[in-house]
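A short worksheet on the structure shown next.
The values are calculated or read from the model by the stated rules, or taken from the named source; none is laboratory data. Computed from a prediction, not measured in an experiment: that's the story for all the values here. No Cβ is skipped: glycine too gets one built from the backbone with ideal geometry, and neighbour counts run over all protein chains shown.
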Amino acid sequence: MIESLSWRWFRVILPICFICFLYICSFYLFLCATNSLIYSTVCLIHANESFCSEIDHNKSLRASQTLIQKESSQWSLYGTLSFGIIACFISPIYGSLSDTKNRKLPIILTISNAIITGVIITIGSIFRGTKTSLLLYIIASIINGFGGGTLILLSSCFGYVSDICIEKEQHVQAIAIIEASLHLGTIIGYVLCTFVFKFHAKT
């Protein structure tokens with residue numbers, strides 16, 4: 001008996017949408033939090049807590065702020081390169097696994113790597129203000145690279161849905177719903193990021 005479209009969406013498409021939504025939402029939260037961690041760590045390496053709390057508000061400290069921002073950008077670049085170089089080599093392998101073995105495998109691997117990356121960054125936040133925190137950030141970026149990143153997750157999700165939806169109309173509707181969940185995750189991720197930083201600034 002052929003499954004109805006509504007049941008197919010409930011069983012397959014909606015969970016995929018939920019995965020994409022959570023991943024994108026957490027990705028933007030992770031990005032904002034990581035950049036904040038890098039900036040505060042670099043500042044604390046060169047100065048004390050009171051100096052770092054005033055650096056963004058005191059115009060006389062503008063020169064120091066520029067130097068700290070420059071060094072923070074360098075560390076962010078190192079992390080991005082660590083992730084990007086590895087992901088470039090891993091992506092074709094995951095793509096082949098998705099096509100020949102199982103569409104779910106790259107999705108599971110990407111999410112697992114993202115969780116491990118988040119745990120390492122959380123541990124790194126304990127050492128905020130030391131070089132250990134920055135080194136753990138680089139290690140987390142390398143591990144995240146082995147997950148393939150957002151593109152692998154999304155391509156695997158789209159491929160999985162394409163295999164399930166046989167009719168063209170179903171396929172178009174499913175892709176539209178997934179894209180809507182991605183945009184929603186992006187918006188909520190940014191909003192939550194702003195809320196978290198405002199709450200953190202008050203505490």
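Taking Ser162, is it part of a helix (DSSP H, G or I), among the hydroxyl-bearing types (Ser, Thr, Tyr) and touching a Pro at 6+ places or on another chain (Cβ under 9 Å)? Taking the combined requirement at face value, the residue does not satisfy it. Picking from residues in region 92-107 that are part of a helix (DSSP H, G or I) and in contact with a Gly (Cβ under 8 Å, 6 or more places away or on another chain), the one that is surrounded by the fewest Cβ atoms within 10 Å (Cβ to Cβ) is Asp99. Counting the residues of region 108-148 that are in contact (Cβ under 8 Å) with a residue 12 or more places away in the chain, within 24 Å of Glu49 (Cβ to Cβ), not hydrophobic (A, V, I, L, M, F, W, C) and not in a loop (DSSP other than H, G, I, E, B) gives 5.
Restricting attention to region 1-15, the residues that are assigned to a helix (DSSP H, G or I) and either modelled with pLDDT of 85 or more or surrounded by fewer than 17 Cβ atoms within 10 Å (Cβ to Cβ) (or both) add up to 7. Looking only at residues of region 42-63 that are modelled with pLDDT of 70 or more and touching a Phe, Trp or Tyr at 6+ places or on another chain (Cβ under 8 Å), we find that the one that is farthest from Gly149 (Cα to Cα) is Cys43. Entry remark, region 16-50: residues being of a type in the set (S, T, N, Q) and closer than 14 Å to Gly79 by Cβ number 4 in total.
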